[in-house]
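Notes for the one structure printed next.
Read-outs throughout are calculated quantities, based only on the coordinates presented, and are distinct from any laboratory measurement. Bear in mind that the values here come from a model prediction, so they are computed numbers and not experimental data. Here the Cβ positions follow ideal geometry from the backbone for every residue, glycine too, while neighbour counts run over all protein chains shown.
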There are 2 protein chains.
Amino acid sequence: MDQPSIKTLDTDPEYRAAVVDLLAVLAYGALTAFERIAADAVMAPTVDDKAALAGMATSEYRHFETLRDRLIELGVSPEVAIAPFRQPLEEFHAHTAPNDWLEGLVKAYVGDGIALDFYVEIAKYLDPETNALVLSVCEEMGHSAFAVDRVRAAITADPRIGGRLALWGRRLVGEALSQAQRVAAERDALSSLLVGGVDRPGADLAEIGRMLARLTENHTKRMAALGLAA
Amino acid sequence: MDQPSIKTLDTDPEYRAAVVDLLAVLAYGALTAFERIAADAVMAPTVDDKAALAGMATSEYRHFETLRDRLIELGVSPEVAIAPFRQPLEEFHAHTAPNDWLEGLVKAYVGDGIALDFYVEIAKYLDPETNALVLSVCEEMGHSAFAVDRVRAAITADPRIGGRLALWGRRLVGEALSQAQRVAAERDALSSLLVGGVDRPGADLAEIGRMLARLTENHTKRMAALGLAA
């Protein structure tokens, strides 16, 4: 069955737990993105570049606020809900700390893009209210386009940079997948959003395959926009 | 003469240069505060604390935007206007990088307070439009009060921390004064905002003395609020 059934936060405790997990992982994802992008802003060569990254970090903080406020509205402690996701997200960032300004830009652009795609995909499996919240955060995303010009200019000036940044892009995706698998394995409720639960059908394998294909294809397009092989 | 004369950006090139310098140093001060506070958020023990510091960093970024946009409105390149102030501000932060979360909190609280006081003092010497802009940034400040509870609780738990943080507070002020003196010595137009120029009276020595007394007194009160000797 391709169409998910109608789920509600009030009548389905497993679905409610899944939504709390989702809001928590997205919230902490946004807060750690804030921290990482702000740290990368320090490496920016010009005030304009610094300001562009700082502005992006600032919008990540606003996403965090929106998601955290919704957790509070649902009567959940953000501290408690986020706790299971701290280690995977902190490890992702620790394993992908950019060595220079260009690696930071690629990470911001690729990460912002994958996050936006994932928000749009997961939104399909949510009740109307949570769906609207997740999509409202999406409207705020996509501020990383300035990275494209900067990265392309750097590759034009020194083509060897392209090879290094292409490898870096692959490493980012590899780390993201490995942490995502870990989260999926440990958080049954969250995984059930996609694959369904006892009484609730989710996406079938074919649909999950198409979703992964869409995510991969968009990532490849973004790498190409940067002038990089995916 | 205590009352400054009426100055305008259009008719007084020295005053205009002074305002450009002032907006630039305040803008870069806000942008580097964003970077420092965001970096300190990484050390926060809980998600709530992290979020509180990240929120403060975010409002520093908004101050930066307001001030930068005004520079652009005046037909000035922010990059060029900010250039002379990069080194003193970056050195200030390099010399006062907090070693832990509590030092970060004291720096955020004390720094936010001194900045707010300085904005209010300097605003008196500005034309009405620049005055309104500077005071509008002030309204956005003062988000660091959460630091007080955290610092006091840490000192209650381990009173030895109080001695270390009091020393830290003195070091922050010492570094800030030494960089401020450097800026004042190198930027005649900026200094003339306070002390007056060829055709424009500024504050007399007595008034500058009173201003320094007010800044010092407020700093001592903030240190006392944290439970620290100034």
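Some points to look at:
- Restricted to Cα atoms, the protein assembly as shown shows a radius of gyration and a Dmax of 25.0, 83 angstrom.
- Long-range amide H partners of B:Gly196 with built H, under 5 Å: B:Gly202, B:Ala203
- About the centre of its Cα atoms, chain A shows a dipole size close to 800 debye [charges on the beta carbon of Lys, Arg (+1) and Asp, Glu (-1) only; nearest 20 debye].
- Scanning chain B for the beta carbon that comes closest to the axis linking it by rotation to A yields B:Ala38, 2, distance in whole angstrom.
- More than 16 Å apart - percent of Cα-Cα pairs taken over segment A:157-230: 62 percent
- B:Thr46-B:Asn99 pseudo-label distance in nm [points 7 Å out on the Cα-to-Cβ vector]: 2.6 nm
- R0 of 30 Å, Cβ-Cβ distance B:Asp188-B:Cys138: FRET efficiency to nearest 0.05: 0.70
- Rounded to the nearest 20, the Cβ-based charge dipole of the protein assembly as shown about its Cα centre (Lys and Arg +1, Asp and Glu -1) stands at 960 debye.
- Inter-copy spacing of A:Glu14 label points, which lie 7 Å from Cα along Cα→Cβ, given in nm from shortest upward: 7.9
- Placing a label point 7 Å from the Cα of A:Leu177 along the Cα-to-Cβ direction, the distances to the matching points in the other copies come to 5.9 nm, shortest first.
- Listed residue (A:Ala157, A:Ile208, A:Val134) projecting farthest to the positive dipole end of segment A:13-225, Cβ model: A:Ala157
- Averaged over the residues of B:34-42, the number of partner chain Cβ atoms lying within 10 Å of the residue Cβ comes to 6.
- Sorted shortest first, the distances from the A:Leu212 label point to those of the same residue in the other copies are 6.9 nm; each point sits 7 Å from Cα along Cα-to-Cβ.
- Of the DSSP H helices in chain B, those whose Cα atoms cover at least 18 Å axially and whose Kyte score averages 0.0 or more: B:13-41, B:101-123
- Label separation (B:Glu91 vs B:Glu73): 3.3 nm, computed from points 7 Å beyond Cα along the C-beta direction.
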